[in-house]
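Novice: Handing you this structure, nothing more for now.
Bear in mind that the values in this text are calculations on the coordinates, not laboratory data. Quantities reported herein were computed from a predicted structural model and do not represent experimental measurements. Glycine also receives a Cβ, built like all others from the backbone with ideal geometry; neighbour counts cover every protein chain displayed.
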Amino acid sequence: MSALRLKALPPETLGFAAAAAAAALVLGLAPTALPFAVQVGLLAVAVVVLGLPHGALDAWIARRAGLFERPLGWIGFNLGYVALALAVVGAWWLFPITALVLFLMISAWHFAGDWQDALMPWQRMIAAAALLGMPAVFYQAEVASIFVVLSGPGAEVAAEGLRSVGLVALGALVPVLLMTAMKRQWTVLIELGMLVLLAVFAPPLVYFVIYFCLLHSPRHLRATIALAPAGERRSLIAQALVYTLATLVLAALVAALLLPSGDLSGIALKTLFIGLAALTVPHMLLMLWTERKQANVPA
Ligand SMILES: CC1=C(/C=C/C(C)=C/C=C/C(C)=C/C=C/C=C(C)/C=C/C=C(C)/C=C/C2=C(C)CCCC2(C)C)C(C)(C)CCC1
Ligand SMILES: [Fe+2]
């Protein structure tokens, strides 16, 4: 067996694995260490600081890929992005449970991209289904009550469905893990293995925050920054900052207009996840478009 050299692993794999191991250990020993309101606070801060910036470079990616060139094109891109995001918020308002289910499906597709270069499409599908399904397998009541906050009574059905998907995906993940071990794909093996461990020991929001903010977002950010010429990196960071702040202002406005006052965790949870769902649609469409363009397939 070839030696596993930690230095050869991508930095986000190391950071994610270390955080997952620490969280699993602490929460395994003291399962009630993090009250729900603290988990929501953690999620909010981490998503803003580490999660949002990975989409905040979308305008830069779009320009680089040739989606627009002139200032008018830039305005059109921004308006189109916001319009798509608002359409998702509208759809959630009208059809909350269908929107939640679609969000889960689109997210699985999007997160499968984290293993684009390492796994075959069917393996990626299993990995993504397990990634989203595992919290519902190990913490069904918690996932059901989060879904009810997001989409109202009746959304427990989505948690039950997700649990079934998670159970099947967990079974199917075993041969995928064995194959990655046989092929000595240590990065994927560590990431998927630590996800399983984390899903068992960490409550769903902590699980999600560690995956999304320490693996998904940094991987995407690192790939984007690597594309930029060294001289452009400063302006890239400035852009990420401005777009992140703009997103916060927009989210606060939409939440203030649409959400009735109530308990703070519920409002924060709704703003965060419905906000992420809203941003996912334009964010993912852009990723799809640029991938197709790179692969030279007509979009
Ligand atoms: C460019 C632009 C902008 C910005 C943007 C951004 C900043 C973006 C971002 C983006 C992003 C940042 C995205 C994200 C995504 C995310 C996702 C996709 C998520 C998902 C999730 C999930 C699916 C979850 C699930 C769950 C729950 C809910 C509970 C528990 C359990 C579980 C985990 C299962 C603006 C608007 C300013 C303007 C225009 C242009
Ligand atoms: Fe993403």
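Novice: Counting only residues that are surrounded by fewer than 21 Cβ atoms within 10 Å (Cβ to Cβ) and under 14 Å from the mean Cα position of the chain (by Cα), how many does the stretch 31-46 have?
Specialist: Going through the stretch 31-46 one residue at a time, the tally reaches 2.
Novice: Still on this structure, I have one more. Determine which single condition Leu119 fails, assuming it passes every other condition in (1) in a helix (DSSP H, G or I); (2) within 30 Å of Glu160 (Cβ to Cβ); (3) more than 15 Å from ligand 2 (Cβ to nearest atom).
Specialist: All conditions are met except number (1).
Novice: Same structure again: Could you check the stretch 236-258 and list, in sequence order, the residues that are small (Gly, Ala, Ser) and away from ligand 1 (no atom under 15 Å from the Cβ)?
Specialist: Of everything in the stretch 236-258, just one residue is small (Gly, Ala, Ser) and away from ligand 1 (no atom under 15 Å from the Cβ), namely Ala256.
Novice: Return a yes/no flag: does the stretch 196-211 have any residue that is within 11 Å of ligand 1 (Cβ to nearest atom), within 19 Å of Asp117 (Cα to Cα) and crowded, with 21+ Cβ neighbours inside 10 Å.
Specialist: yes
Novice: Now for a different question. Give all pairs with beta carbons closer than 8 Å in which a residue from the stretch 45-72 that is touching a residue at least 40 places away in the same chain (Cβ under 8 Å) meets a residue that is part of a loop (DSSP other than H, G, I, E, B) and among the aliphatic types (A, V, I, L, M); count only pairs at least 6 apart in sequence or on separate chains.
Specialist: The qualifying pairs are Trp60/Ala228.
Novice: Condition first: more than 16 Å from ligand 2 (Cβ to nearest atom), farther than 21 Å from Val45 by Cβ and surrounded by fewer than 15 Cβ atoms within 10 Å (Cβ to Cβ). Now tell me which residues in the stretch 227-261 satisfy that.
Specialist: Matches in the stretch 227-261: Pro229, Ala230, Gly231, Glu232, Arg233, Arg234, Ser235, Ala238, Leu257, Leu258, Pro260, Ser261.
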